[in-house]
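First comes the structure, then the notes that go with it.
Each value in this text was obtained by applying a stated rule to the coordinates, not by laboratory testing. None of these values were measured; they are calculated from a predicted model. Every residue, glycine among them, receives a Cβ derived from its backbone with ideal geometry; neighbour counts consider all protein chains shown.
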Amino acid sequence: MSKKTFVSIIFIIISLCLISCSGESQESQEVSANEDLPNLIIQVEGDAHIRRTGWSDFLPLAFGATVKPGDLIRVENGSLVIFCGAEDTLDDGPITLEASDQEQGIPCKTGLPPRPWEDVAHIRGAGDLDIPYIISPRNTALLSTTPTLRWNPVPGSDSYSVSIMDELGKPRPEIESSETEIDWPSEWQPLAQDSTYILQVKTGSVSSMDQNTAGTGFWLLPSPEANQVAQHADRIRSLTIDESTTNFLIAKLYGNHGLYAEAVQLLEQTAAQRQEASIWLELSKAYLEMGLSDQAEETLEKALDLSQEKGQTDIEANALLGMGYTAQKSGDEAMAIDYWQQASTVFKEIGDMQSLALVNELLEK
């Protein structure tokens, strides 16, 4: 065994031990006491607008918008459909609001609020574009015992050696691939409960281990919680809604349980099916949870473009806020400040004083 290989193995073992001890493993996960999802707009036919508490005016309403009691909705023509996220009313199905000359309230209980940008965990750069850094799975719980494996393509490389290692330092046999996304190799045993793993990819003289591997582990969601998630997902699938909406809602559910890799898979499918700013915004947060700041930046730019095109000023402001966090964690403080200043201007125009206060606090640090 070469000295470099020995050092790499020791580094992997130490990284996995740190992951397990730091609470990123499945042992620290508990079954969520709150199974609520956000209340979401899942269909808009015609023209609809929303005004939240404190806002100065109504703004266009579109697919994926989060709503809560206290918000006012105006459906000028057509109709809209609301998914009420409270777990105890899920089986009642979505609620339709028809056009009216009266402003209407939200006919749902208070659902789970959106996860704020400042709480999005493990925001860090994925690494050098010239190494096969791991895209998925990384920093995520999983339902599947045989997940799809993805890594960054290295310019000029057409062959990769792929393996995984658990916290005991036991590797799976190396698999050779010319692709950068592969199904779980048939030569490997499925993932096991109570273990944390790291995916390792090598090509030529470079490896995914050439970057800091902290935050790149993955593990199976504990069985009780996994069963609970599966049952909730089945209830969503039983609703009379289309496939892309179903996938969006289940991705939200997965994100609540730290199943970021599987949430990303669903959100990528949904984004390919319908061009909605809210989908790209949700996808960017999932990427950030996995430590993929480059991918998050790209999706935030798409969310920003779509929101500006459709006049969704609230999503525009939130995209700018997220782009600031991404720039900051990538080490570009000046760019972060520029994005936050833009977000501050938009939040002020909307009248969203709570978000404005958050951005101003960031600018004062």
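Here are the numbers for the structure shown:
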quantity: Hydrodynamic radius of the chain per Kirkwood, over alpha carbon pairs, in Å; calculated: 21.8
quantity: Lysine pair number, Cα distance threshold 16 Å (strictly under), the stretch 223-355, separation 8 or more or different chains; calculated: 4
quantity: Set of lysines with alpha-carbon distance to LYS109 below 16 Å, sequence-local pairs under 8 removed; calculated: LYS68
quantity: Contour excess over end-to-end distance, with Cα ends at GLU364 and LYS170 and 0.36 nm allotted per residue; calculated: 65.0 nm
quantity: Pairwise label distance in nanometres, ALA214 with GLN273, each label 7 Å out on the Cα-Cβ vector; calculated: 3.9
quantity: For peptides 43-56, 231-244, sequence by mean Cβ density within 10 Å, most packed first; calculated: 43-56, 231-244
quantity: Rg/Rh (Cα only; Kirkwood hydrodynamic radius) as it applies to the stretch 267-349; calculated: 0.97
quantity: Distance between modelled label sites at MET335 and GLN228, nm, 7 Å Cα→Cβ extension; calculated: 3.9
quantity: Linear extension gain, THR240 paired with THR345, 0.36 nm per residue minus alpha-carbon span; calculated: 33.8 nm
quantity: The chain: DSSP helices with Cα axial extent of at least 15 Å and average Kyte-Doolittle hydropathy no lower than 1.0; calculated: 3-21
